[in-house]
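Here the structure comes first, spelled out in structure tokens, and everything after it is commentary.
The values are calculated or read from the model by the stated rules, or taken from the named source; none is laboratory data. Computed from a predicted model, the values in this text were never measured in an experiment. For neighbour counting, all protein chains shown are included, and Cβ atoms are generated from backbone atoms with ideal geometry for every residue, glycine included. Note: accessible area is taken over every heavy atom of the protein model, side chains too, but ligands, DNA and RNA are not part of it. Shrake-Rupley method; radii C 1.70, N 1.55, O 1.52, S 1.80 Å.
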Amino acid sequence: MTGSSTEPGRLRTSAPWVALAGSIAAMVVFLQITAVEYYLGDLRVFVSAPGWLADGTLYDAASRTGDGSVMLPFLYPPWVAAAFTPLTWLPFPVVAVGWTVLGIAALLGSVLLSLSLVTGQRHLGAVGLWRSAAWWSAGLLWIAPVRHCLYEGQLALLLLLAVLIGGWSARSVAGAAIGLAAAAKIVPFAALLGPVLAGRYRTVGWGLAGVAVPLAVGWMAFPAMSRRFLLEGSGLDAVERVGGVGTVANQSLRAALSRFIGADIGWQWPWWLGAAVLTALAVTVLVRRPGDRAVALWVPTVLAAALFPLGWTHQWVWLIPLLIWLRRGPARRTRWARTLSGLWLFGSVAPMIELLLFVQQSNYIYGRPLWQALFGAAYVLGTAVTFGCAARASTAQPTPAETTETETTACH
């Protein structure tokens, strides 16, 4: 009797980890089956960047991929290129495996911290929290931002984890993690808005230090390249360098509006109007939900992902804390939160972006049939609707019993 009663318990305990392992194995097979010349293209750029930095061509060189028409440049500050130097010491297959494992580990860590923020369970060693994180990670491994990040060899999941560490920790010094991520890519800088609104000014100070120190060191070590990046816009708005900003892989507000209008709108009034609407909705959400640190993290970062001119799909990993908040946050029992979470999950897991990439005539043709422009604006439209619903919703907080509740499946 004892053995038979403990067996179901062991199965329940191991089930999420079996599911995660199976999901990872399936993802590895998927990546290998779908791998083309572009597979891990961005990682190849990262491996090449230290050499480009050494010979002074960091913002002139590019890696040719696919049929040769796609050029991948380096879009980060010089200190990041220098930080990639250890990648050049190993054979690329070893780097590829290690980078993929690191990305999956960053996903699990990000989910764990997001669940902790949303549910109020501050003890990261709790078995239930880890089981929930395993279930969620098994599913979120398949959303487009994550699978594109792994396929391309991007570092978006590492930046997300750094920001979540800074947003989760009660220690001010953890703000440096947000700053470090922001010193690599501008979107994470928006995460400092949360500590500002909460009056956590020491955290903000550490965050600003985390931005300033690597940029200053990079400036001293590589003044010419740093000047090009910081003052000439070689990385901040590299639209001219990457070309094809109208491709559906670019899910920014600028790209979405350009596909409707049929030409790159740049910084013209449609962009400013759209930016004003999104920003007003985001500010309303933040004001109406004071003290919700999960909201203070995902609202500004999702907004920044939409407003940055190059919003590639992999950069939308900021949807992870948003999805967890919708499913596990104070609004989880409301119809709008359940509906939106379902739409986000379905839309991001379905190969919508891949299908639109297949049917679009070219990255460089902005004019699209209405249905392509509409589905191609899904992330921006979803952001606007989510902000609007969250802004209108009640600010009622969950009870302590609710905040300590732990789901048994990712979608429970």
If you wrap the chain's Cα atoms in a convex hull and average its projection over all directions, what's the area in nm²?
21.3 nm²
Sort out the exposed loop GluC sites (Glu not before Pro) in the chain (DSSP loop, at most 16 other Cβ within 10 Å) and tell me the longest stretch that has none.
38-231
Applying the Karplus parametrisation 6.51 cos²θ - 1.76 cosθ + 1.60 with θ = phi - 60° to the phi angles of the range 255-271, what ³J(HN,Hα) value in whole Hz is obtained for each residue in order, glycine and proline being reported as x?
5, 4, 5, 4, 5, 6, 7, x, 7, 5, 7, x, 10, 7, 4, x, 5
Using the Kirkwood radius over C-alpha pairs as Rh, can you work out the diffusion coefficient of the range 87-239 via Stokes-Einstein at 4 °C, viscosity 1.567 mPa s, in µm² per second?
76 µm²/s
Kirkwood Rh over alpha-carbon pairs of the range 259-383, then Stokes-Einstein at 25 °C and 0.890 mPa s: what D in µm² s⁻¹, rounded to an integer?
154 µm²/s
Which whole-percent values make up P(r) of the range 143-190 when all C-alpha to C-alpha distances are grouped in 10 Å steps starting at zero?
29, 46, 22, 3
Calculated from backbone phi, Karplus (6.51, -1.76, 1.60) coupling profile of the range 211-227 in Hz, x at Gly/Pro
6, 5, 4, x, 5, 5, 4, x, 5, 5, 7, 9, x, 5, 5, 5, 5
Can you tell me the FRET efficiency between Leu230 and Ala15 if r is taken as the Cβ-Cβ distance and R0 is 51 Å, rounded to the nearest 0.05?
0.55
Where the only charges are on Cβ atoms (+1 Lys, Arg; -1 Asp, Glu), what is the dipole of the chain about its Cα centre, to the nearest 20 debye?
1220 debye
Arrange the peptides 275-281, 132-138 so that the one whose residues have, on average, the most other Cβ atoms within 10 Å appears first.
132-138, 275-281
Quick check: the distance between the Cα centres of the range 339-393 and the range 78-133, to the nearest angstrom?
27 Å
List the residues, sorted by chain then number, that are 5 or more residues from Arg368 or on another chain and whose placed amide H is less than 5 Å from its amide H.
none
For Arg122, tell me the accessible area in Å² from a 1.4 Å probe, rounded to the nearest 10.
100 Å²
For the range 303-369, with +1 on Lys and Arg beta carbons and -1 on Asp and Glu, the positive-most of Leu355, Leu345, Val317 along the dipole
Leu345
Highest mean first, how do 318-324, 334-340 rank when packing is the count of other Cβ atoms within 10 Å averaged over residues?
318-324, 334-340
Reported to two decimal places, what Rg/Rh ratio describes the range 66-123 when computed on Cα atoms with Rh from the Kirkwood expression?
1.15
Residue (of Val277, Ile24, Gly329) at the positive-pole extreme of the chain, dipole from beta-carbon charges
Gly329
Could you pull out every residue, at least 5 positions away or on a different chain, whose amide H is within less than 5 Å of the one on Arg200? Hs are placed 1.01 Å off N in the peptide plane, and Pro or chain starts have none.
none
Whole-Hz Karplus couplings 3J(HN,Hα) for the range 48-64, θ = phi - 60° and coefficients 6.51, -1.76, 1.60, Gly and Pro as x, run 7, 4, x, x, 5, 5, 5, 9, x, 10, 4, 9, 10, 6, 7, 9, 7
Could you work out the pair-distance distribution P(r) of the range 177-329 from its alpha-carbon pairs, with 10 angstrom bin width and percents rounded to whole numbers?
11, 33, 36, 19, 2
Mean Cα-pair separation over length for the chain, i.e. relative contact order, pairs under 8 Å, 6 or more apart, %
20 percent
Let me know the Rg and Dmax you get for the range 69-176 when you use only its Cα atoms, in Å.
15.9, 50
Burial-style ranking of 377-384, 86-93, 109-116, average other-beta-carbon count within 10 Å with highest first, yields 109-116, 377-384, 86-93
